[in-house]
Every structure is written in C-alpha cells, then in structure tokens.
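Here, each number is a calculation from the coordinates, and none is a lab measurement. What you see is a predicted model; the values in this text were computed from it and never measured. Cβ sites come from the backbone with ideal geometry, for glycine too, and all protein chains shown count toward neighbours.
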Amino acid sequence: MSGRRTLIVAVGLAAALAGCGSASTQPGGFTYENTLTVYSALPLQGPQATLMQSIVNGEILALKQAGGRAHGRPISFASLNDAPLTNGTWDGKEPRAAGQDLDAIAYVGDYDSAATAISLPIINANDILQVSPGSPYIGFTDATRFDRPGEPRYFFLSGHDTFARLVPSDLVEAAASVRFMRDEGVRRLYVLSDSAPASAPYDSAIGAMVARAARANGLGLAGSRRFDSAGGSSRGALIAALRKAQPDAVFVAAAPSGGVESLWRELHAALPALRLFAPSTLATASFLAATAPAASATFLTSPILPLAQYPPASRAVVRAYRRAFGTPATALSLYGYEAMSSILAAISRARDPGRRLDVLAAYRNLGWRNSVIGRYRISASGDSSLTRFAGYAVGARGQLVELRLLNG
C-alpha cells in the first residue's frame with residue numbers, strides 16, 4: 001500500500017519536543033551521539049487514527065517531561081504507522097525496521113492483537129522490550145485451552161520473554177463481560193465467534209472464554225456458534241438458530257469489519273428485543289457509527305475507562321497534554337504516557353542501559369507502579385495486574401455511556 005508507512009523522529013524536532021535534549025537523528029530514525037531509540041508502532045491511518053495519535057502524543061509527552069534522557073543517555077523516539085494493508089493484514093515491515101536499528105532499545109506496540117502476532121516474533125528475535133497499550137490475546141502471555149498449540153513459546157524463540165501489555169488479557173475481560181451481563185439482568189446467553197481471518201483467533205478466542213465463564217458463574221448458556229463475517233455463513237440460519245434457542249442476549253467475539261457491522265444490524269432488525277454485547281475490540285467509533293440502528297440494544301466492556309476514573313496523578317498529565325498539543329487528551333493518551341514512562345524507568349535502572357537484556361531485566365523488576373493508569377505490576381509472563389473494566393451502553397449518537405465499573 002503505497003504511502004502507508006510514515007516515520008516521525010520526535011526527539012530533535014523543536015516543535016514537538018523543545019528542551020528534550022541534544023540528541024541528533026539521521027533520516028530513517030537511526031541515531032548517533034550514544035543515543036538509544038524507542039520505537040512506537042500504531043495504526044496512524046484509518047478509523048482509529050486520531051485515538052492512536054493520542055497514544056503517540058502521550059509517549060512524546062512522557063519523554064519530554066523526562067528531558068529526553070534516561071540513565072544519562074539521550075533518547076530518540078520514532079513513530080511508525082502500522083495501519084493494516086488493504087486486505088486487513090500486517091506485513092511486519094515496521095517491526096523489522098526497529099529490529100534492524102542497532103540503537104533500538106524498546107518498542108511500544110502494537111494495539112491490535114493480530115498486528116502483535118506479526119511483530120512479536122520479530123522484536124523478540126532481537127531481544128527488544130515490547131510494551132503494548134492493547135493486544136489482549138491470551139496466547140501472548142499464557143498457555144491455555146483457548147490459544148493455539150505452542151503459544152506463547154512460539155512468540156519467544158530467542159528464549160527471553162520480551163512482551164508486556166498494559167491492559168488486562170481477554171481471559172480477564174471475559175470474566176468482566178459475564179459479570180456485566182449478569183448485572184444487566186441477562187439470564188440466557190448465546191455466544192457467536194467469528195471464524196473469518198480478520199478475527200480468528202486473536203479477536204474471536206474471547207468467545208470461548210465468555211462461554212466458559214458464563215457456565216462457571218451460573219449464567220445460562222443457550223448455545224454457541226461460529227460464524228464467518230466474510231460471508232461464508234448463512235445469516236438466515238444463524239438468526240433461525242437464535243430464535244430457536246431464545247436467549248435474551250448475544251455476545252459477539254470479533255474484530256471490527258463490515259461483515260460484523262452488517263450482522264449486528266441484521267440481528268437487531270430480526271430480533272429487536274435481543275441485547276447485543278461486544279468485547280473491547282469493537283469499541284471503535286467506526287463500528288459504533290455503522291451499527292447506530294442497534295445502539296439502544298448494544299453494550300460493550302472495555303478496560304479503557306472514562307478519564308474521570310483514572311488516578312489523581314492523571315489530571316496533571318491531561319492538563320500538560322492540552323498545553324503541549326492543543327487538543328484534549330483521551331484515556332488512551334495515558335496508556336501511551338505510561339508505556340514510555342515505564343520504559344524510561346527500566347532504562348534508568350538497567351545495569352547497562354545500552355544492553356537490551358539489561359533493560360528487559362530492569363523492566364521485569366520494576367515492581368508495583370503508581371501510575372497514571374492505576375497501581376499495577378507486570379507479571380513474569382507479561383500480564384498487567386490491572387483488572388478494572390467499564391461496562392458501557394451506547395448512546396443515540398454512538399457515544400459510550402458508562403453504566404458501571406467492573407473487576408475481571
């Protein structure tokens with residue numbers, strides 16, 4: 001896809017990071033003067049571009065407030081656009097660019113689990129610390145019945161666990177989703193899991209987790225079924241199966257796509273009393289706009305909370321963000337800010353800040369962090385200890401309306 005990728009070198013650009021240090025950069029993000037480079041790879045084109053840019057801006061702000069240095073070393077920042085190709089897949093050029101840079105010390109990304117499945121083996125092969133503000137797929141951190149055979153070891157062929165995420169895994173989200181449905185009075189649940197390549201397995205595996213959590217928590221499971229949002233499944237047969245099972249709610253495990261959006265509208269048109277529950281992967285502005293006819297029946301669970309639900313320390317960051325960028329921060333800005341802050345903390349504590357395995361070891365030993373996204377720590381496998389979720393309804397204009405806070 002011509003022109004899809006952009007590289008923005010933030011340190012050294014006075015307009016972006018005035019006062020951040022004297023590090024110089026060469027075209028392409030390669031640096032000199034003993035500089036270390038933190039890479040960021042997020043989808044900066046497409047329907048989520050504005051939100052993803054707010055994550056990047058959060059990273060820039062944290063680096064600016066740190067003076068552009070850690071452990072006495074100047075830090076360069078390179079922002080890569082890893083928006084998917086026109087066929088919805090990722091080609092891995094962004095992580096390869098980071099892996100080929102001998103100055104690369106950390107990589108913030110990706111946001112989508114399917115993108116992380118491509119980048120993680122590449123970044124891991126170079127022993128680079130990878131911190132994701134998203135990517136909840138359980139197979140990156142734990143071997144369970146819900147991921148594919150050989151995971152997570154498949155992603156860590158170097159022998160070192162290089163991955164951490166700041167959001168809870170989809171296993172934790174499944175528990176929160178079931179609690180949300182019970183709190184909303186759901187008694188009989190039907191689970192749909194998308195088998196289309198755009199969703200399976202990284203965004204659809206949560207369906208089986210929700211089904212198991214429903215059974216374990218006394219929520220009646222009316223049935224479960226796989227469907228193909230790309231058009232391989234008969235919508236008529238699916239709707240007939242739902243009519244026969246008579247659930248009062250459906251959980252749809254999928255990634256955003258035109259097929260999922262049309263299914264959502266068709267389900268609501270055929271069964272208007274049915275409540276439709278979605279995982280955090282579907283909490284996108286484009287999905288909510290496309291499914292507006294079903295807004296009154298749509299509910300979502302997400303670890304991304306309303307800004308007011310974050311700790312008091314986040315307020316100063318929100319104010320500084322507006323001063324720096326002239327636009328309001330989003331909740332995701334805080335995750336970009338914490339991703340960079342935690343990486344800088346690891347560099348500062350590393351025995352040798354220029355040695356990747358030393359930075360990785362320091363990151364693993366950061367312990368509890370009282371951060372702008374809450375008090376948390378990263379487990380040995382790379383999972384966040386955060387378990388808070390928001391249960392949202394959807395307003396008539398497609399906005400998310402917080403109903404309650406949940407623990408996974």
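The table below lists the values:
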item	result
Per-pair calculated FRET efficiency, R0 = 41 Å: S262 and E402 via Cβ, rounded to 0.05	0.90
Within a Gaussian network of the chain (alpha carbon springs, distance under 10 Å), most fluctuating of L129, L80, L271	L271
FRET efficiency for R323 and W368, using Cβ-Cβ distance with R0 set to 25 Å, rounded to 0.05	0.25
In nm, spacing of pseudo-spin labels at T50 and L357 (7 Å Cα→C-beta vector)	4.6 nm
D183-K93 pseudo-label distance in nm [points 7 Å out on the Cα-to-Cβ vector]	4.4 nm
Between the stretch 48-117 and the stretch 129-168, the alpha-carbon center distance in angstrom	18 Å
The chain - Debye-derived log10 I(q)/I(0), Cα point model, q = 0.06, 0.12, 0.13 Å⁻¹	-0.23, -0.92, -1.06
Segment D127-R145, extension gain: residue separation times 0.36 nm, minus the distance between their alpha carbons	3.7 nm
Spacing of the two label points (7 Å from each Cα toward its C-beta) at A237 and A273, in nm	2.7 nm
R275 long-range amide H proximity, modeled H, under 5 Å	A249, V250
